[in-house]
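Right, one structure below, let's go through it.
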Amino acid sequence: MEKKQIAIIGAGISGLLACKYTLSKGFNPIVFETQSSTGGVWTKTLSTTKLQTPRSSYQFSDFPWPSSVTREFPTHDQVLDYVRSYAYHFDLVKHIKFNAKVVGIEFRGFSDEEMKSWKLWNGNGMPFGSHGKWKVLVKDLKNYSTQLYTVDFVILCLGRFSDVPNIPEFPPNQGPEAFSGKVIHSMDYAAMDYQSAANFVKGKRVTVVGFQKSAMDIAMECSAVNGVTKPCTVLYKTEHWNLPDYLPWGIPLAYLYLNRFSELLLHKPGEGILLSLLATMLLPLRSIFSKFVESYIKRKHRLARYGMVPKHSFVHEISSCLTATVPEKFYDKVEEGSIILKKSQSFSFCEEGILIRREAAAPLETDLVILATGFRGDKKLKDIFVSKTFQNYIAGSPKQTFQLYREIIHPQIPQLAVIGYSEGLSNLFTSEMRCRWLAEFLAGTFKPPAIKEMEKDMENWNEYMKRYSGKYCRRSCLSILHIWYSDQLCKDMGMNPKRKKGIFAELFEPYGPMDYVPS
């Protein structure tokens with residue numbers, strides 16, 4: 001019997017995992033990668049960037065970190081070497097077509113009307129159908145030729161944090177075109193090597209827009225080059241509970257938020273009456289945990305001194321996957337004046353620099369603006385579909401979470417999966433669990449429920465994320481409910497979700513990748 005052909009788009013972490021696990025089930029994967037090497041987002045990060053997640057949480061379950069890597073937060077180069085070593089160790093590279101850009105995918109075999117009438121996913125509740133095929137149009141970036149592939153299943157591993165920059169919108173004649181200096185996105189800055197980036201910002205008055213990890217890293221690099229003579233201004237909207245480390249007052253953060261006991265403090269999707277009542281009763285304890293971490297961050301970073309104490313709670317921050325670790329000595333640079341923090345809900349450009357709304361003062365004079373304003377992963381995902389119907393399905397509502405059953409398949413889009421869109425505290429770990437689930441589904445180990453049941457489950461998750469993430473629910477963050485989520489995947493696959501030895505360990509020990517080592 002001929003092997004089913006699986007198209008995997010992207011050779012980052014999710015794409016490599018999808019390739020490895022579909023191979024293990026006897027399928028024939030072909031991976032299309034725009035770049036000339038594996039590594040995904042790690043090929044485009046700043047030279048000074050380090051891993052945000054502790055090493056023990058960011059590893060493949062069947063391929064531990066080498067003993068030579070001892071840092072708790074490995075460097076950019078160490079992470080990239082680790083990911084590439086995984087690809088070579090499992091002989092995945094031979095399945096990858098590099099410099100191959102997928103410009104469009106189109107499903108053939110059924111009309112939109114037929115698919116809308118289905119009560120089961122793909123019409124039969126199975127991963128494959130008798131008629132449906134995907135057409136994948138691929139452009140060779142070396143010779144600019146195009147080739148059309150016909151495959152049985154598509155796995156989108158496009159990533160959220162690359163390729164399509166999120167550029168703020170401005171009124172006419174108030175955008176970058178009004179500015180006499182230069183405006184770039186952090187993506188362009190990250191594409192430079194360290195020395196080129198240093199030369200690029202040297203002697204310039206730099207303004208960095210944003211206050212997530214990239215913004216802080218870029219500000220640190222600028223301050224190292226220019227010091228107090230040309231301070232770097234960080235223009236931000238919202239203060240964040242950015243962590244100095246993962247040991248608030250000496251207690252590992254994982255014991256507060258990454259074990260089963262911590263999940264008892266939350267209202268969970270599909271929970272019963274008993275668990276709901278327990279979460280309500282334990283609400284004060286959730287607040288105590290949050291205040292405990294907040295007190296540590298405020299003390300460690302001297303946030304009150306700089307007017308940087310957030311108005312929201314730490315539990316809201318971590319529930320929205322907004323936590324980042326602050327570069328070492330960042331606030332020392334603020335103290336000395338080589339980094340200036342400036343808050344504004346909106347801004348616009350003028351010839352001399354930036355106009356801060358609600359300020360009567362002169363413009364913020366600057367020579368270079370770096371927009372560390374994130375990426376449009378949703379647009380990248382939407383635009384790959386030829387069908388307008390599928391584009392609308394995958395885009396969903398901007399006021400909802402990204403609608404995928406088990407964060408993997410869309411009820412209305414057959415023979416296709418998305419890996420790596422919704423976030424967790426360790427995206428590698430989350431992607432591996434999803435790829436294992438998907439491989440078992442493709443192999444026929446289980447069937448998904450009827451479409452209505454899938455949609456009901458998705459709505460439960462949507463309500464959970466709106467409750468704890470608020471306006472950031474679109475990020476589909478699973479950070480502090482990752483055990484509950486993994487339990488569902490395990491049950492589908494026929495695995496025991498309880499991975500610890502003993503009741504105490506099961507309740508209080510943190511869960512991580514090594515708890516799910518394949519047997």
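For region 386-426, which residues satisfy the criterion of being surrounded by fewer than 16 Cβ atoms within 10 Å (Cβ to Cβ) and charged (D, E, K, R)?
Answer for region 386-426, where residues must be surrounded by fewer than 16 Cβ atoms within 10 Å (Cβ to Cβ) and charged (D, E, K, R): 388, 399.
Given the conditions (1) open to solvent by 20 Å² or more (accessible area, probe 1.4 Å); (2) within 26 Å of residue 147 (Cβ to Cβ); (3) small (Gly, Ala, Ser); (4) assigned to a helix (DSSP H, G or I), and given that residue 36 satisfies all but one, which numbered condition is not satisfied?
(4)
Within region 73-95, is there a residue that is modelled with pLDDT of 95 or more, hydrophobic (A, V, I, L, M, F, W, C), under 30 Å from residue 318 (Cβ atoms) and open to solvent by less than 20 Å² (accessible area, probe 1.4 Å)?
So far as region 73-95 goes, yes, one or more of its residues are modelled with pLDDT of 95 or more, hydrophobic (A, V, I, L, M, F, W, C), under 30 Å from residue 318 (Cβ atoms) and open to solvent by less than 20 Å² (accessible area, probe 1.4 Å).
Looking at 179, 170, 110, 98, which is the one that is hydrophobic (A, V, I, L, M, F, W, C) and touching a His at 6+ places or on another chain (Cβ under 7 Å)?
Only one candidate qualifies: 110.
Counting only residues that are in a loop (DSSP other than H, G, I, E, B) and either surrounded by fewer than 16 Cβ atoms within 10 Å (Cβ to Cβ) or modelled with pLDDT of 90 or more (or both), how many does region 53-72 have?
Qualifying residue count, region 53-72: 13.
Would you be able to tell me the number of residues in region 427-441 that are open to solvent by 10 Å² or more (accessible area, probe 1.4 Å) and of a type outside the set (Asp, Glu)? Walk me through how you get there before you give the answer.
At the first step, the residues of region 427-441 found to be open to solvent by 10 Å² or more (accessible area, probe 1.4 Å) are 427, 429-430, 436, 440.
Right, trim to of a type outside the set (Asp, Glu) and you get 427, 429-430, 436.
Matching residues across region 427-441 total 4.
Could you list, in sequence order, all residues of region 211-267 that are open to solvent by 30 Å² or more (accessible area, probe 1.4 Å), of a type in the set (A, V, I, L, M, F, W, C) and under 17 Å from residue 294 (Cβ atoms)?
If the condition is that a residue be open to solvent by 30 Å² or more (accessible area, probe 1.4 Å), of a type in the set (A, V, I, L, M, F, W, C) and under 17 Å from residue 294 (Cβ atoms), then 247, 249, 251 are the ones that fit.
So how many residues does region 489-519 have that are of a type in the set (Gly, Ala, Ser), open to solvent by 30 Å² or more (accessible area, probe 1.4 Å) and under 16 Å from residue 262 (Cα atoms)? Walk me through it before giving the result.
Taking region 489-519 first, the residues of a type in the set (Gly, Ala, Ser) are 494, 502, 505, 512, 519.
Those left that are additionally open to solvent by 30 Å² or more (accessible area, probe 1.4 Å): 494, 502, 519.
Adding the requirement that they be under 16 Å from residue 262 (Cα atoms) leaves none.
Summing the residues that are of a type in the set (Gly, Ala, Ser), open to solvent by 30 Å² or more (accessible area, probe 1.4 Å) and under 16 Å from residue 262 (Cα atoms) in region 489-519 gives 0.
Mind telling me which of the residues 193, 217, 163 ends up being farther than 30 Å from residue 245 by Cβ, in contact (Cβ under 8 Å) with a residue 12 or more places away in the chain and among the charged types (D, E, K, R)?
Exactly one residue qualifies, and that residue is 163.
Determine, yes or no, whether residue 510 is in contact with a Pro (Cβ under 9 Å, 6 or more places away or on another chain), within 24 Å of residue 319 (Cβ to Cβ) and outside any helix (DSSP H, G or I).
Here the answer is yes, as residue 510 does meet what is asked.
Given the criterion in contact with a Lys or Arg (Cβ under 6 Å, 6 or more places away or on another chain) and crowded, with 20+ Cβ neighbours inside 10 Å, identify the matching residue among 197, 190.
That would be 190, the only listed residue that is in contact with a Lys or Arg (Cβ under 6 Å, 6 or more places away or on another chain) and crowded, with 20+ Cβ neighbours inside 10 Å.
Where residues in region 24-45 are β-branched (Val, Ile, Thr) and under 18 Å from the mean Cα position of the chain (by Cα), which of them is farthest from residue 90 (Cα to Cα)?
Checking each candidate, the answer is 45.
Being open to solvent by less than 40 Å² (accessible area, probe 1.4 Å) and assigned to a loop (DSSP other than H, G, I, E, B) narrows it down to one of 7, 11, so name that one.
11
The values are calculated or read from the model by the stated rules, or taken from the named source; none is laboratory data. Since this is a predicted model, take the numbers as computed values, not measurements. Note that we place each Cβ from the backbone using ideal geometry, even for glycine, and neighbour counts take in every protein chain shown. Only protein heavy atoms, including side chains, enter the accessible area calculation; ligands, DNA and RNA are left aside. Shrake-Rupley method; radii C 1.70, N 1.55, O 1.52, S 1.80 Å.
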